[in-house]
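Okay, structure first, notes after.
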Amino acid sequence: MYAMKYMNKQQCIERDEVRNVFRELEILQEIEHVFLVNLWYSFQDEEDMFMVVDLLLGGDLRYHLQQNVQFSEDAVKLYLCEMTLALDYLQSQHIIHRDVKPDNILLDEQGHAHLTDFNIATIIKDGERATALAGTKPYMAPEIFQSFVSGGTGYAFEVDWWSLGVTIFEVLRGWRPYDIHASNSVESLIQLFSTVSVQYSPAWPKDLVSLLRKLLTVNPEHRFSSLSDMQTSPYLADVNWDAVYEKKMEAGFVPNKGRLHCDPTFELEEMILESRPLHKKKKRLAKNRSRDNSKDSQSENDYLQECLEVVQQEFMIFNRENGDGDGDAETGAADDDAPEPEPEPDPEPEPESSSKLSMCGSVCSSPGSC
């Protein structure tokens, strides 16, 4: 069994999110790890783009925090180790996730953690630096804000390790180390990091506090940001990393298999408000094809239609079971030789690498999500 995510093409074009979707597909097709939510298939029809991924039924850490679950230190220590291996792997693949937080850490039925949502991830190679103001403010590293304000040298993989530190602190304590909200200005956050010190629980072991201090170091040059760094910590000195990778370590918190680990009210609202439900797709597409074939048919927006055709051509079809995991993904329809879109290092406006995709840029009515 798998989970399936589907994205309406027209909405993605109008919201300027096509590049985000394509970048996420490009990244997920190239990676596979035991502590990631892995992509298995991607395909499309006239209306939607589909991604089929690992099914994780244990819920995300945000949901469990909202349910007032009191995570034991041992449980959180395992999450820390599993996310350390996930981030170290992503770094080896030149990927910055940029949105590590409890909402994006899913548990399987045995209680092991998996990182998901690569919608604003980016690839940096050969000493490149990212510069976009991307992420969720309470989990974003200081250098992201500093780079945005001062136009400095940018940032790299260290930002994910800061986010991991914030996440581990929150899962243990129930609140975050800094009181940051989406409404806070970037300038106020820069000042906050230079004036406010983190208050650690006196009940926590000194070695744990020491490790969290290393992850929440404002200067990225002095921050723990690799597996080798983490292995030097006295708090993790007794960890059998091979056993962690092989999921042989018993999880301290195992989700109840008899429960739905999400908010059913929210899920039901999503289904009711969905304007193009999947269960009516067959009839809807047949009606659209009939209209398109009629002599009187003409698109209300020829430019939007042209963009939809570009997305159709450029979309990357993928099947991990067929060995597409090495990057040999198909593009477009079976008879189409359209080139794959070039990788884009950052989601901020830059000279476009694909003339076909950039052609659709001006149709967007609102800025993209990153």
### Message
Residues that are over 18 Å from the mean Cα position of the chain (by Cα), at least 2 per element: which helices (runs of 4 or more DSSP H) completely within the range 12-114 meet that?
### Response
61-66, 73-92
#### Entry: Of residues in the range 137-157 being in contact with a helix residue (DSSP H, G or I) (Cβ under 8 Å, 6 or more places away or on another chain) and either surrounded by fewer than 16 Cβ atoms within 10 Å (Cβ to Cβ) or small (Gly, Ala, Ser) (or both), the one modelled with the lowest pLDDT
Gly152
### the range 115-131, subset small (Gly, Ala, Ser) and in a loop (DSSP other than H, G, I, E, B), residue surrounded by the fewest Cβ atoms within 10 Å (Cβ to Cβ)
Gly127
#### Entry: Residues satisfying the stated conditions in the range 141-160, i.e. more than 14 Å from Ser194 (Cβ to Cβ) and of a type in the set (D, E, K, R)
Glu158, Asp160
### Message
I need the full set of residues from the range 125-155 which are farther than 24 Å from Glu170 by Cα and basic (Lys, Arg), in order please.
### Response
Lys125, Arg129
### Query
If you go through the range 89-145, how many residues are over 22 Å from Glu221 (Cα atoms) and of a type in the set (A, V, I, L, M)?
6
### Task
Among the residues of the range 117-149, write down those that are more than 16 Å from the chain's Cα centre (by Cα) and free of Cβ contacts under 8 Å to residues at least 60 places away in the same chain.
Lys125, Asp126, Gly127, Arg129, Ile144, Phe145, Gln146, Ser147, Phe148, Val149
### Task
Output the qualifying pairs, or none if there are none: Cβ atoms under 7 angstrom, residues six or more apart or on different chains, first residue in the range 150-162 and free of Cβ contacts under 8 Å to residues at least 40 places away in the same chain and in the same structural domain as Ile96 (by TED's automatic domain parsing), second residue in a helix (DSSP H, G or I) and not aliphatic (A, V, I, L, M).
Gly152/Gln146; Gly154/Ser147
### Task
Return the only residue of Ile95, Ile123, Ile144, Ile168 being in contact with a Leu (Cβ under 9 Å, 6 or more places away or on another chain) and closer than 21 Å to Arg23 by Cα.
Ile144
### Query
Could you say whether any residue in the range 14-32 is assigned by TED's automatic domain parsing to the domain that holds Gln305, within 23 Å of Met230 (Cα to Cα) and either surrounded by 17 or more Cβ atoms within 10 Å (Cβ to Cβ) or basic (Lys, Arg) (or both)?
yes
#### Entry: Only one of Asp207, Asp126 that is of a type outside the set (A, V, I, L, M) and at pLDDT 95 or above
Asp207
### Task
Hand me the list of helices (runs of 4 or more DSSP H) wholly inside the range 172-251 holding 3 or more residues that are of a type in the set (D, E, K, R).
206-215
### Query
What number goes with the only condition from (1) surrounded by 23 or more Cβ atoms within 10 Å (Cβ to Cβ); (2) touching a strand residue (DSSP E or B) at 6+ places or on another chain (Cβ under 9 Å); (3) part of a helix (DSSP H, G or I) that Val166 does not pass?
(2)
### Extreme residue, farthest from Met83 (Cα to Cα), among residues of the range 10-48 that are at pLDDT 95 or above and of a type in the set (Phe, Trp, Tyr)
Phe43
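The values are calculated or read from the model by the stated rules, or taken from the named source; none is laboratory data. What you are looking at is a predicted structure, and each value in this text was computed from that prediction instead of being measured. Please note: Cβ atoms are built from the backbone with ideal geometry, for glycine as well, and neighbour counts cover all protein chains shown.
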